[in-house]
Amino acid sequence: MGVSAHEGIQTSREPDPRKARSRARLLDAATELLATGGADAVTIDAVTTRAGVGRATLYRHFANGTELVAAAFARLIPPAPPVPENADLREQLVELLIGQARIVEEVPIPLAAMCWLGMGPELVHASRPADPEAQERPELQSLREQLVERYRSSFDRVLGTESAREDLGEFDYDLALIQLVGPIVFNRLVTLPPIGRRACEQIVDDFLAARRSARG
């Protein structure tokens with residue numbers, strides 16, 4: 001029985017498993033190198049040697065070394081802390097801060113990634129080609145955007161609500177995030193003991209008191 005043209009088109013569009021496997025091997029290698037040696041360890045030669053693939057194969061998946069490092073960093077970014085349901089504004093913020101503190105203390109890669117971005121503007125301006133391939137290559141989205149989407153999204157769900165606006169009034173959203181998360185990052189940078197629930201509660205209470213006082 002013959003194969004229809006329609007069926008042939010569908011088959012031709014199915015992903016090539018060999019391409020998926022080679023990409024996975026490259027990302028596995030890059031992620032291992034990044035986790036053990038930092039961004040400087042993720043070189044084209046090191047990745048291709050560890051993955052057991054040629055440079056030509058690597059360049060079919062990644063335009064350059066920067067794109068490869070961004071993809072490896074994205075793999076190591078832990079999920080954002082969940083927003084507790086059926087809780088008031090204070091409790092939601094406290095739980096979010098506890099989750100952020102745990103990420104910063106136990107998994108320092110996000111902090112390293114953000115510091116690396118500050119020194120590497122080439123990632124901030126990652127290309128965004130308007131072709132179908134871009135949808136298959138999430139690393140073409142800048143790492144900064146991925147970090148923002150992953151970690152700010154939880155705070156957006158809390159501070160961006162109408163009830164929060166009614167409670168706190170109009171405020172500078174970016175400054176609010178700095179006031180809430182800044183102490184956690186600073187604490188990690190100066191290697192003080194990990195921040196616990198009591199400290200997170202104090203940060204949130206100070207923030208809420210300042211906002212409500214400013215609102216009058």
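The values are calculated or read from the model by the stated rules, or taken from the named source; none is laboratory data. As the structure is a prediction and not an experimental result, all values here were calculated from the model. Here the Cβ positions follow ideal geometry from the backbone for every residue, glycine too, while neighbour counts run over all protein chains shown. Only protein heavy atoms, including side chains, enter the accessible area calculation; ligands, DNA and RNA are left aside. Shrake-Rupley method; radii C 1.70, N 1.55, O 1.52, S 1.80 Å.
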Looking only at region 158-194, which residues are out of contact with any helix residue (DSSP H, G or I) (no Cβ under 8 Å at 6 or more places or on another chain) and among the hydroxyl-bearing types (Ser, Thr, Tyr)? 161, 191
For region 49-84, how many residues are of a type in the set (Ser, Thr, Tyr) and open to solvent by less than 50 Å² (accessible area, probe 1.4 Å)? 2
Considering only region 186-198, how many residues are open to solvent by 40 Å² or more (accessible area, probe 1.4 Å) and part of a helix (DSSP H, G or I)? 5
Please determine whether any residue of region 192-214 is among the polar types (S, T, N, Q), over 17 Å from residue 90 (Cα atoms) and free of Cβ contacts under 8 Å to residues at least 24 places away in the same chain. no
From the list 133, 139, 105, 122, which residue is under 24 Å from residue 36 (Cα atoms), open to solvent by 40 Å² or more (accessible area, probe 1.4 Å) and either out of contact with any Pro (no Cβ under 8 Å at 6 or more places or on another chain) or at pLDDT below 60 (or both)? 122
I need every pair where a residue in region 21-42 that is under 12 Å from residue 57 (Cα atoms) has its Cβ under 8 Å from the Cβ of a residue that is assigned to a helix (DSSP H, G or I) and aliphatic (A, V, I, L, M), sequence separation at least 6 or different chains. 22/51; 25/51; 26/47; 26/51; 26/58; 26/68
In region 52-87, what count of residues is obtained for those that are within 30 Å of residue 161 (Cβ to Cβ), touching a residue at least 40 places away in the same chain (Cβ under 8 Å) and of a type in the set (A, V, I, L, M)? 4
For helices (runs of 4 or more DSSP H) lying entirely in region 1-64, having 2 or more residues that are of a type outside the set (D, E, K, R) and modelled with pLDDT under 90 picks out 5-12, 17-37
Do the conditions hold for residue 158, that is, is it modelled with pLDDT under 90 and surrounded by 12 or more Cβ atoms within 10 Å (Cβ to Cβ)? no
